[in-house]
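Single-structure report; data block below.
Read-outs: derived from the displayed coordinates by stated rules, not from any lab. What you see is a predicted model; the values in this text were computed from it and never measured. When we count neighbours, we look across all protein chains shown, and the Cβ atoms used for this are built from the backbone with ideal geometry, even at glycine.
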Amino acid sequence: MKELSRKTDTFTDSVIRRMTRISNQYGAINLSQGFPDFDPPTEITDKLAELAKVGPHQYATTWGSKSIRDALARKQEHFSGMQVDPEKEIVVTCGGTEAMMAAMLTVCNPGDKVVVFSPFYENYGADAILSGAEPIYVPLIPPTFRFDADVLEAAFRQEGVKALILCNPSNPCGKVFTREELKIIADLAIKYDIYVITDEVYEHILYKPNEHVYMATLPGMRERTIICSSLSKTYSITGWRIGYVIAPENIAERVKKVHDFLTIGAAAPLMEAVTVGLLFPDSYYEELQNHYTHMRELFCGGLKNLGFSFVEPQGAYYVLVDVSEYGYQKDYDFCVDLAKKVGVGAVPGSSFFKEEENRYVRFHFAKKDETLLGALDRLADIQKLK
Ligand SMILES: Cc1ncc(COP(=O)(O)O)c(C=O)c1O
């Protein structure tokens, strides 16, 4: 038999999803893969039930139904102040995952380089391989996860660098980039003519006093920023697979074509149903923040009481916990034992770092109180792993 593609030969299966399987195998409380165990807003699910009878059930416009694009443009303007043309500058995709893939395929030629901050969301490695780009990594330095502007500039100076992927707020480290940090990145992107592909799926999950600044709103950045975002996290609908790209017309035009050939379009009834959520008043987003702040206090407060050391997340719903004191050489082995002997699922931090780093495991806390309390109860037995 002839060989299968060399591109995909280098793929490993997703460590995050593998840890979910391991958690299930040992009956562990799964705090590895990031999805909520609470329901989406009833207004959205009620609308879906209504639409099940009346449709739409056939293909929508490939770049998204008019109603969802109009609502997305309004929401983006409301939160960022950006004026977005819903006809020319928005492409609705199958999740933020497809948004990022379509953006990368739009921007990169084989051999181009893409700068990625490390630790990073694991899909970016695969996105780079599929688009033929070579990722180069700039460390976010623990424990504060700041970057060194000189190191970033040296990366941008390399030949063939086309784009930077910016995950803000960051999965896995919970960093929210400040306006000053974004300004440094923006100035360098302009200086070296680099596109910035943002991943803003956690734009509404922030802890006070942190605020989300949209890179595209910084001077000179609108024309070179490709926003990738998602409704998965904002409306607790990770299974609905709805995301979007917002980019200037000349870029969005290309993204539309890539998206059309990748998937044709997102699910028509789901786009209509979630439009109800996009029209929610500000109070929805305030309550969302309050809810996540409650979960962070509950889980991170519990971890603190148990003596764990970690950096408090500023945004998103993950916490990287330092487990070096347990003496494991490989954080993966620690996570398997944690699932098996303690009964809690976590993701080994090494799957997010380019650097050799085995100090951390990542827990996520988008869970009901009883789930988090159950996990904390089991984590009280962590000394078993010493
Ligand atoms: C940083 C980041 N980007 C993208 C995604 C995937 O988003 P979606 O469900 O919209 O594909 C995730 C999911 O965990 C994520 O953490």
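Could you please state, rounded to a whole Å, how far the C-alpha centre of the stretch 53-71 is from the C-alpha centre of the stretch 8-37? Using only Cα atoms to place each centre, the spacing works out to 32 Å. Fewest-first ordering of Tyr360, Tyr318, Tyr326 by other beta carbons within 10 Å of each residue's beta carbon gives Tyr326, Tyr318, Tyr360.
Just rank Glu356, Glu43, fewest to most, by other beta-carbon atoms within 10 angstrom. Walk me through the numbers on the way to the answer.
Details: Glu356 6, Glu43 14.
The order, fewest Cβ neighbours first, is Glu356, Glu43.
With 20 Å as the limit, write out which pairs from Lys47/Lys257; Lys233/Lys340; Lys7/Lys257; Lys53/Lys368; Lys7/Lys233; Lys88/Lys256 have Cα-Cα distances beyond it, or answer none.
Details: Lys47/Lys257 30 Å; Lys233/Lys340 29 Å; Lys7/Lys257 22 Å; Lys53/Lys368 32 Å; Lys7/Lys233 30 Å; Lys88/Lys256 10 Å.
Violating the 20 Å Cα-Cα cut-off are Lys47/Lys257; Lys233/Lys340; Lys7/Lys257; Lys53/Lys368; Lys7/Lys233.
Sorted ascending by nearby beta carbons within 10 Å, beginning with the fewest, His57, His212, His364 become His57, His212, His364. Along the stretch 142-147 the Karplus relation, 6.51 cos²θ - 1.76 cosθ + 1.60 evaluated at θ = phi - 60°, assigns HN-Hα couplings of x, x, 8, 6, 7, 10 Hz to successive residues, with x for each Gly and Pro. The local environment of Met100, defined by Cβ-Cβ distances under 10 Å, has a net charge of -3 under the rule Lys, Arg +1 and Asp, Glu -1. Across the chain, the mean sequence separation of Cα contacts (distance under 8 Å, 6 or more residues apart), normalised by length, yields a relative contact order of 25 percent.
Rounded to the nearest 500, what is the 222 nm mean residue ellipticity of the chain from helices alone, with -39500 (n - 2.57) per DSSP H run of 4+ residues and division by all residues?
Values: 13 runs with 155 residues, N = 386.
Taken over the chain, the calculation gives -12500 deg cm²/dmol.
For the stretch 204-304, GluC sites (Glu not before Pro) meeting the loop criterion (DSSP other than H, G, I, E, B) and having at most 16 other Cβ atoms within 10 Å: Glu211.
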